[in-house]
Each structure stands twice: as C-alpha cells, then as structure tokens.
Amino acid sequence: MKMLVLMDGTKWSQKAAMHALMLAKEKGEDLTEVVLFSVLDRNEVRSSAFYLCKQSNMCDRIAEHEAKIARDMRKNIGDDVADMILHLNRAGINCSSKIVEGKRAEEILKEINSDNYSLIVMGAFGKKSNVLVGTLYSEIAKDVDVPILIVN
C-alpha cells in the first residue's frame, strides 16, 4: 500500500497528515510508503500579489510582490512537510515528499496517475475555508479510481 497525502500549508492539511500518520502506524508492514505532496499554485501566487499591490497602491512592484509571496509559500509548505517527515521517520514509516509548481488539480491528478497509490488523504478545507467542503475533491474525484479520505 502506498499513500498520497495532500498538503497545502493549512491546519486542515496538517490534520490530514497526522491522520495519515495514524493510519500508517496501523497498516504497519502493509504500507510501503507515504508521499507528502504539495502544489505551489502560480494562480494563487499571482492573485495574492495583485491583491497586495492594490492594497498598498504599489502595482509597479507586482513582480517583486509575486516573487516574495512565492518564496514565503514555498517556505511555509516546506516547513510543514519537513515537520511531518520528522514525525513519520520517528514512527519508522518510509516517506518522501514532492513540492511542484502548477495548477493544483492538474498536478495532483498527474501525480496520482504517475504512481500506484492505494489511498489519497486530504483535508476537508483548503486555503479558501469559506467555501464548501470538497472544492478540490470535486475537481479531482471524477478522474481518480483511488479511494480519497477527507479529514475534517
């Protein structure tokens, strides 16, 4: 069994990763690997930079804002992933991580289809917590044959 854990830097993805850790402990030798996967979504970076430049009235520096936001997002996600790898390693669970850039749903589907995953674990909400549960789920579920566990 190979498990894919989707992480986006939110408390919901952290809860999902902790739940995946508990599942991994239960599966024991049946589990071959846990892969922590995150997508740095360029559209999200651009919209955040645009919002910031509008608020600060400094749109002449939008490229600078975009670069800083991308660095900060990559660092935050990287820190969360590194922390979870530490927990998994302490529990004796084989794990790896991947952080890619692109459109979130497309990159997740590409990863799911590139390997032989038995389970996908994700948080119930993402960064836009004001929307209904399952926004990302609805984008990927129709194209996936692997069970998806949504952790609330």
Lysines whose Cα lies under 30 Å from that of residue 103, excluding same-chain neighbours fewer than 8 positions away: 2, 11, 15, 54, 68, 75, 127, 128, 142
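Applying a 10 Å radius around every beta-carbon, put 73-82, 47-56 in order of their mean neighbour count, most first. Walk me through the intermediate numbers first.
Working: 73-82: 16.3, 47-56: 14.2.
The densest-packed peptide leads the list: 73-82, 47-56.
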Residue (of 99, 38, 52) at the positive-pole extreme of the chain, dipole from beta-carbon charges: 52
Matching label, Rg/Rh (Cα atoms, Kirkwood Rh) computed from the structure shown, candidates (i) 1.01; (ii) 0.95; (iii) 1.05: (i)
Relative contact order for segment 2-151, counting Cα pairs under 8 Å that sit 6 or more residues apart, in percent: 37 percent
Sequence ranges 5-15, 59-69, ranked by mean other-Cβ count within 10 angstrom, highest first: 5-15, 59-69
Isolated Cys in the chain, by beta carbon distance under 4.7 Å: 95
Angle in degrees between helix 42-56 and the longest Cα principal axis of the chain, rounded to the nearest 10: 40 degrees
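Each reported figure results from applying straightforward, stated rules to the coordinates on display, with no laboratory input. What you are looking at is a predicted structure, and each value in this text was computed from that prediction instead of being measured. Backbone-built Cβ (ideal geometry, glycine too); neighbour counts: all protein chains shown.
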